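The values are calculated or read from the model by the stated rules, or taken from the named source; none is laboratory data. Note that the structure is a prediction, hence the values are computed from the model and not measured. Glycine also receives a Cβ, built like all others from the backbone with ideal geometry; neighbour counts cover every protein chain displayed.
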Amino acid sequence: MGPIGENEFFFLMQGLKWTVLLAIVGFIGGGIFGILIALLRTSKTKVARTITAGYIGVFQGTPLLMQLFVVYYGVALLGIEVNAWIAVAIAFTLHASAFLGEIWRGSIEAVPKGQTEAANALGLHYVSRMKDVILPQALKISMPATIGFLVQLIKGTSLAAIVGFIELTRAGQIISNQTYRPLLVFGIVGAIYFIICWPLSHAGSGLEKRMAKAAR
Amino acid sequence: MLNSANHQPTLISLEDVQKWYGAFHALKSISLSVRKGEKIVLCGPSGSGKSTLIRCINALETIEDGKIVVEGQVLDGSTKSVDAIRREVGMVFQSFNLFPHMTVLQNCTLAPMRVRGTSHTDAERLARKYLERVRILDQAEKYPAQLSGGQQQRVAIARALCMEPKVMLFDEPTSALDPEMVKEVLDTMIGLARDGMTMICVTHEMGFARQVADRVIFMASGEIVEEAEPEIFFKSPKHQRTKTFLGEILAHH
């Protein structure tokens, strides 16, 4: 058994950096496309609704691991040379956009119908109706679920290891193999995940309680 | 009656309007014309189509047949005609429908800025003018949830007025209010009527109808059953259904 010293810890921190970056990229990319998905999913056009429903269905109905494989090898098949980082970022963006799109679709539909009617009666167009009236209210409604998904996404980044990406879990595995102290190493790795995810979960449930109170 | 609008031009006309909800015939050959400055009170039992009728005028509901013209603009379902009509028609809802994430002032400035392209400064000036008129300017920086129902409804009236509409539609504006708040909203509406606003009000406030209406229209089962000046309408209703309805509603007042 080898010791876990500064070098090992530094290596884990390197992994953590990629975990956080991957989660941020997935969340931002997924957020941007997710809004688009949510808007199409709630649009008047049936084709748009059907296509986005299919998109959401595919990404919710298959394992994230498989999605990572398909994107990683799929992009290569198209003859485009990409590194693991780009492929994984694309996969997480697609994955997150489907889930966030579905969460936000629900939130948009949860905004009382009277709000759309009032906006229509005032002559507000679609863009203003959405941007000024509906989305701010929908986003507020969606906060607990959105934060919940962010937590899932952070933990889900560990699957990126499968295509050779050295994020926190993979870094832990490497250290564990070098030091033969799997329990200690993965204990540390788990603690790091927990320190990041728990405050988020806590904030999410706090928000949920506050909103339940406000709704009463 | 506050004025005789007989010589004024027609502002709204409905010809043979038909509306279906699936198999349910909600509006049956409705024809109605409203002159500039006229105040119409629409009453009738629930489900009689009175709310549906006014919601068709600003295209919140679509119609299956017939013709609706507002200020010369035929409502043909095109975005252009819908936009043109909504610019001129203000609406007040039973449940206020204020935007809860905006202050009272922001509620009032949004549409003028977005729809009419009014500058922020001008929109605020306009908003303050109408908030003053509904006597609620002192609450301008508050959020709707911080106001009473009566105050919220007055803000909703001010918000609609900020678009400087030619017609105001009221969809049971006092039905969701506690009794002690009904008066402040009715007083605001009476004030508007005095200033010559063209109004169509769906309401069961018969005192308001007596005081303000040029015409009272009674609807039942999607049809206009009777229409008369308030004096005649209340004293000598012709149809049995009107008599029954008036008997029921006046018993509560």
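Which pairs do you get when a residue that is over 15 Å from B:Ile217 (Cα atoms), found in the range B:235-253, comes within reach of a residue that is at pLDDT 90 or above and aromatic (Phe, Trp, Tyr), reach meaning Cβ atoms under 9 angstrom, with the pair 6+ apart or on two chains?
If the second residue must be at pLDDT 90 or above and aromatic (Phe, Trp, Tyr), the pairs left are B:Leu250/B:Phe234.
Being surrounded by fewer than 21 Cβ atoms within 10 Å (Cβ to Cβ) and touching a residue at least 12 places away in the same chain (Cβ under 8 Å) is the filter here; which residues of the range A:71-82 pass it?
Correct list: A:Val75 only.
Let me confirm something: among B:Leu131, B:Leu192, B:Leu177, B:Leu147, which residue is closer than 16 Å to B:Met102 by Cα and free of Cβ contacts under 8 Å to residues at least 40 places away in the same chain?
Answer to the check: B:Leu131.
Just a yes or no: is a residue in the range B:80-89 more than 9 Å from chain A (Cβ to nearest Cβ), at pLDDT below 95 and surrounded by fewer than 16 Cβ atoms within 10 Å (Cβ to Cβ)?
Yes, the range B:80-89 contains at least one residue that is more than 9 Å from chain A (Cβ to nearest Cβ), at pLDDT below 95 and surrounded by fewer than 16 Cβ atoms within 10 Å (Cβ to Cβ).
Identify, please: which residue in the range A:28-68 is part of a helix (DSSP H, G or I) and hydroxyl-bearing (Ser, Thr, Tyr) and is, among those, nearest to A:Ile154 (Cα to Cα)?
The selected residue is A:Tyr55.
Out of (1) farther than 14 Å from A:Asn120 by Cα; (2) assigned to a loop (DSSP other than H, G, I, E, B); (3) away from chain A (no Cβ under 11 Å), the odd one out for B:Gly66 is which?
Unmet condition: (2).
From (1) surrounded by fewer than 20 Cβ atoms within 10 Å (Cβ to Cβ); (2) without any contact (Cβ under 8 Å) to a residue 40 or more places away in the chain; (3) farther than 26 Å from A:Tyr126 by Cα, pick out the condition that doesn't hold for A:Trp85.
So the condition that A:Trp85 fails would be (2).
Which residues, counting only those in the range A:1-31, are more than 18 Å from A:Thr179 (Cα to Cα) and in contact (Cβ under 8 Å) with a residue 40 or more places away in the chain?
Passing the criteria: A:Leu16, A:Trp18, A:Thr19, A:Val20, A:Leu22, A:Ala23, A:Val25, A:Gly26, A:Phe27, A:Gly29, A:Gly30, A:Gly31.
Does the range B:140-175 hold any residues that are farther than 17 Å from B:Ala123 by Cα and assigned to a helix (DSSP H, G or I), and which are they?
Scanning the range B:140-175 gives B:Pro144, B:Ala145, B:Gln146, B:Gly149, B:Gly150, B:Gln151, B:Gln152, B:Gln153, B:Arg154.
Exactly one of these conditions fails for B:Phe218: (1) within 14 Å of chain A (Cβ to nearest Cβ); (2) buried (at least 24 other Cβ atoms within 10 Å of the Cβ); (3) in contact with a Lys or Arg (Cβ under 9 Å, 6 or more places away or on another chain). Give me its number.
(1)
Among A:Lys140, A:Lys113, which is the only one that is under 30 Å from B:Thr118 (Cβ atoms) and without any contact (Cβ under 8 Å) to a residue 40 or more places away in the chain?
A:Lys113 is the lone residue from the list that is under 30 Å from B:Thr118 (Cβ atoms) and without any contact (Cβ under 8 Å) to a residue 40 or more places away in the chain.
For the range A:103-185, please list each of the helices (runs of 4 or more DSSP H) lying entirely inside it that holds at least 3 residues being in contact with a Lys or Arg (Cβ under 7 Å, 6 or more places away or on another chain) and either at pLDDT 95 or above or surrounded by 21 or more Cβ atoms within 10 Å (Cβ to Cβ) (or both).
A:113-121
Among the numbered criteria (1) closer than 17 Å to A:Ala119 by Cα; (2) without any contact (Cβ under 8 Å) to a residue 40 or more places away in the chain; (3) not small (Gly, Ala, Ser), which single criterion is violated by B:Asn97?
(2)
Determine, yes or no, whether A:Gly204 is at pLDDT below 90 and surrounded by fewer than 20 Cβ atoms within 10 Å (Cβ to Cβ).
Spelling it out, A:Gly204 is indeed at pLDDT below 90 and surrounded by fewer than 20 Cβ atoms within 10 Å (Cβ to Cβ).
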